[in-house]
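The values are calculated or read from the model by the stated rules, or taken from the named source; none is laboratory data. Quantities reported herein were computed from a predicted structural model and do not represent experimental measurements. Because the Cβ atoms are built from the backbone with ideal geometry, glycine has one as well, and the counts that use them run over all protein chains shown. Each accessible area value is taken on the protein alone, full model and side chains, heavy atoms only, with ligands, DNA and RNA left out. Shrake-Rupley method; radii C 1.70, N 1.55, O 1.52, S 1.80 Å.
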Amino acid sequence: SPNPKIRKSPMSGGGGGGGAPLGRERSSSEAFLPNPRALNPNMSALRKSKSKRKGKKAPKKSQGLIGSIVMPEAGSTPEMVYMMLTVNLCCILLTFTEPASYESYAVVALLNLALVSALVRRPEGAAAGEAEAEVMVVGRGDGDLFGDDESVDSMDVGRGAADMVDAGKSIPRIENETLSSGESAAMPSFGKADHTLYPLRTVGYKQHKKKAPGGEPLYELIALDVFKTPQRVDGIHQYVNFPTEGVLDTKHPEVPSLFVVNCQFPREKQNVFAEGDGPGASVVFYFAIKQSTIDSLHSDTPSPMVKLFSEWCRIAPDDPTFRARFKAMGFIDKIERFGLPYMCSKYNGKPVLIKKTGTVHRGPNNAYIEMDVNIHNFSYPCRQALTSTLKPMFKEMIMRVGFVIEGQDDSELPECLLGNAELRGLDLDKSTELDPWNE
């Protein structure tokens, strides 16, 4: 295989079935959306530094006996023992006070809360205490390409253009496909979704709380990938050649030509003790800016959402508060036919603000912005619902996904989608494998 780091499953089809792949090889003459490693093959000024970037660790070996006791799997005997010990401890403390007073109950409740909090938060502390991973940082002599802060992970040293995979080859594009009750898709596919099906905030939302369909999205969906990964992968731009053909230059210092969203899903059953960086899948959306958005961007009176998005692109990389206004919406079509729990149906289509789980990467020459959404770090109930309840049914589902920057004041409304997509018949466990750790 010319690329030993990318292995295709039989279901991935290599991007076939729907026509030619949207990604392509880069030529050395392309100044737009350059491949850093192709332009800088020697990397002579690399120097080592330390970084705590998550998702860059090599896959861990089996836990063994001690690991299974300290970090038990969901529903396992050690987990049940821990829970029983907590309950018994509370009961024993109650017997120390006769007669029991409100103060004693308060102490027991606080102790119980502290124990549960310690168990839930333990993975974060364990992760923080791990040895820092080494990365390679470009020296100032090569700073024109990446900027002063740009870093390249140590896994990528020596990785050239031939080692990267072209975008849009892992899943075909099929428009207007439907699935009847109980039917699974012949193969995973994606297509354009109807933007009028997304309820968005309107002017005066703070007063009347009313939503309505917005205008056309600012960006057009041009490709989509689904990669199975041994661990969560940050910065998908390091391993994938983003699409370039037909992509317009914004000629703007902040707003990129490509907007890429890398949604990082866990694939295995979750438990409250898990670190959250285990086997996963990256669903990657590639959006190209529209000419109408560029025209509004350079006009004297840009639309409220174009103006807000321009501000987000400028501020979000360095401001977590402003970055947290990025919202994702997911709809399961005809959800009632799957017999899902009430809470799943209740939250179908509800927007989710990506606060502490979002990371922004800006490309050289402002060619792209990549937004990484770390679903591994979502709340435990959400992760459990995704992996145990919804994932087995993905093959029978049609899902609509949309992304928007939250408008708050009337000057930022009405809201408008950045981009949206429709996904059908996904099978995260049988998607194209992307393994940056495989030497």
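Per-residue counts of other Cβ atoms within 10 Å, averaged by peptide: what ranking do you get for 341-354, 224-237, 424-437, 305-318, highest first?
Most protected by this proxy first, the peptides run 224-237, 424-437, 305-318, 341-354.
If I take the Cα coordinates of segment 346-439 and project them onto the principal axes, what are the three extents in Å, biggest first?
44, 42, 25
Share of segment 343-439's accessible area from carbon and sulfur, percent, 1.4 Å?
Within segment 343-439, the accessible surface is 52 percent carbon and sulfur.
Around A281, under 12 Å between beta carbons, what's the net of Lys plus Arg minus Asp minus Glu among the other residues?
Around A281, the surrounding residues sum to 0.
For the pair F322 and K211, how long in nm is the line joining their label points, each one 7 Å along Cα→Cβ?
2.5
Could you provide, to the nearest whole Å², the per residue accessible area of segment 290-390 with probe 1.4 Å?
48
Could you work out how much longer the chain between D194 and N176 gets when fully extended? Use 0.36 nm per residue separation minus the Cα distance between them, nm to one decimal.
Extending this stretch completely gives an extra 5.5 nm.
Can you pick out the pairs among K228/K356; K192/K356; K210/K251; K307/K430 whose Cα atoms lie more than 31 Å from each other?
K210/K251; K307/K430
How big is segment 215-323 along each principal axis, measuring the range of its Cα positions in Å and listing the largest first?
Result, largest extent first: 53, 34, 26 Å.
What is the sum of charges, Lys and Arg at +1 and Asp and Glu at -1, for the other residues whose Cβ falls under 15 Å from the Cβ of D410?
The answer is +2.
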